[in-house]
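Asks: Here it is, the structure in full.
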Amino acid sequence: MKRQAPTLTQDKKPTFIVAVSGASGSIYGVRLVEELLKSQYNVHLCISTTAFSIIRVETGIELEGTTVAESARKIQSHFSSRNIRYHSEHNLAAPVSSGSFMTDGMFVVPCSMKTLSGIANGYANNLIERAADVILKEGRRLILAPREMPFNSIHLENMLKLSRLGVTIAPPVPAFYQKPKDIHDIVDFVVGKILDSAGIQHDLFKRWE
Ligand SMILES: Cc1cc2nc3c(=O)[nH]c(=O)nc-3n(C[C@H](O)[C@H](O)[C@H](O)COP(=O)(O)O)c2cc1C
């Protein structure tokens, strides 16, 4: 009998959900996915409709196809990994929509104020919001990188509400004591800090000693 290729749920490698929502800073989400895959982790990726356009505008990378299957192919080919699985934001029947599907946590990088609000208020209107809602109800790790400037009181209240629920609010704010040479250094620092929040090893920046 032909042996089946292992699926994401059958093997023992850590499994993370990564959502890229429609805020500026899509490069952080793309870089985060690259790092998780480099560590051989499984990634369930959800990209919102606006995020596809922002990824295109900001990075020049085209991940969106005319169908879900085509987007999945483009994503798999871009990241050159079998450990990534793309889910449409409209697919509320995706595995990550259920608490019975085990994951090790979820990142929303970058997190728009709309998605932040949807998560803070349990709106669960698309797969990103639903998956985050599930992570919260199951008491698993949720890390958000909210991006907006300046924040209004609604944004801040949503962040505070989530923080009090144990969510890590990790805005993509770079530091400069590393003396970054280019945009890649800045992106790696921010993504490294996001991975730190999840307790994931990396060598994206040199630590302060
Ligand atoms: C080029 C571009 C940049 C944007 N940047 C941000 C941003 O940094 N933060 C934010 O909250 N919304 C931003 N928006 C607006 C969101 O994309 C919009 O509110 C959208 O409805 C978010 O939906 P989503 O969270 O489902 O992706 C941006 C929109 C565009 C087109």
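Asks: Within 10 Å of each candidate Cβ there may be at most 11 other Cβ atoms; applying that plus a DSSP loop requirement, which chymotrypsin sites (Phe, Trp or Tyr not before Pro) in the stretch 110-209 survive?
Replies: Here the sparse-neighbourhood loop sites are Phe176, Tyr177, Trp208.
Asks: So if R0 is 30 Å, what FRET efficiency would Lys137 and His90 give, r being the distance between their Cβ atoms, rounded to the nearest 0.05?
Replies: 0.90
Asks: Could you work out the local net charge near Arg56, counting Lys and Arg as +1, Asp and Glu as -1, over the other residues with Cβ closer than 9 Å to its Cβ?
Replies: So the surrounding residues net to -3.
Asks: Classify the chain as rounded, prolate or oblate, taking a ≥ b ≥ c as the square roots of the eigenvalues of its Cα gyration tensor: rounded when a/c is under 1.5, otherwise prolate if a/b is larger than b/c and oblate if not. List each step's numbers first, then the result.
Replies: On the way: a/c = 1.38, a/b = 1.17, b/c = 1.18.
Verdict is rounded for the chain.
Asks: Can you pull the one-decimal nm distance between simple spin-label points at Lys161 and Lys179, each 7 Å off the Cα toward Cβ?
Replies: So the two model labels end up 4.5 nm from each other.
Asks: Further question on the same structure: State which entries of Lys74/Lys114; Lys114/Lys179; Lys74/Lys193; Lys161/Lys206; Lys13/Lys74 exceed 31 angstrom in Cα-Cα distance in the structure shown.
Replies: From Lys74/Lys114; Lys114/Lys179; Lys74/Lys193; Lys161/Lys206; Lys13/Lys74, over 31 Å: Lys114/Lys179; Lys161/Lys206.
Asks: In addition: Give me the percent relative contact order of the stretch 126-193, please, defined on Cα pairs under 8 angstrom at least 6 residues apart.
Replies: 28
Asks: I would also like to ask the following. Choose one of Ser39, Thr49, Asn158: the residue whose Cα lies farthest towards the positive end of the charge dipole of the chain (beta-carbon charges +1 Lys, Arg; -1 Asp, Glu; about the Cα centre).
Replies: Farthest towards the positive end: Ser39.
Asks: Can I ask one more? Out of residues 5 or more away from Met106 or on other chains, whose amide H comes under 5 Å of its own, with H placed 1.01 Å from N in the peptide plane?
Replies: Ile17, Arg141, Leu142, Ile143
Asks: Roughly how many nanometres apart are two label points built 7 Å out from the Cα toward the Cβ at Thr59 and Gln76?
Replies: It is 1.9 nm.
Asks: Relative contact order for the chain: what is it in percent, counting Cα pairs under 8 Å that are at least 6 residues apart? Could you put the intermediate results ahead of the total?
Replies: On the way: 348 pairs, mean separation 41.8, N = 209.
It comes to 20 percent, rounded to a whole number.
Asks: In addition: Which is farthest toward the positive dipole end of the stretch 15-197 among Leu142, Ser71, Ser81, measuring Cα position about the Cα centre, with Cβ charges +1 (Lys, Arg) and -1 (Asp, Glu)?
Replies: The residue sitting most towards the positive pole is Leu142.
Asks: Excluding same-chain residues fewer than 8 positions from Lys137, which aspartates and glutamates have a Cα within less than 18 Å of its Cα?
Replies: Hits, sequence-local ones excluded: Asp104, Glu129.
Asks: From the phi of every residue in the stretch 122-137, what ³J(HN,Hα) in whole Hz does the Karplus formula 6.51 cos²θ - 1.76 cosθ + 1.60 yield, where θ is phi - 60° and glycine or proline is x?
Replies: x, 6, 6, 8, 9, 5, 5, 5, 5, 4, 5, 4, 5, 4, 5, 5
Bear in mind these aren't lab numbers, they're just calculated from the coordinates by the rules spelled out. Quick caveat: nothing in here was measured; it's all calculated off a predicted structure. A quick note on method: Cβ atoms are made from the backbone with ideal geometry, for glycine too, and the neighbour counts reach across all protein chains shown.
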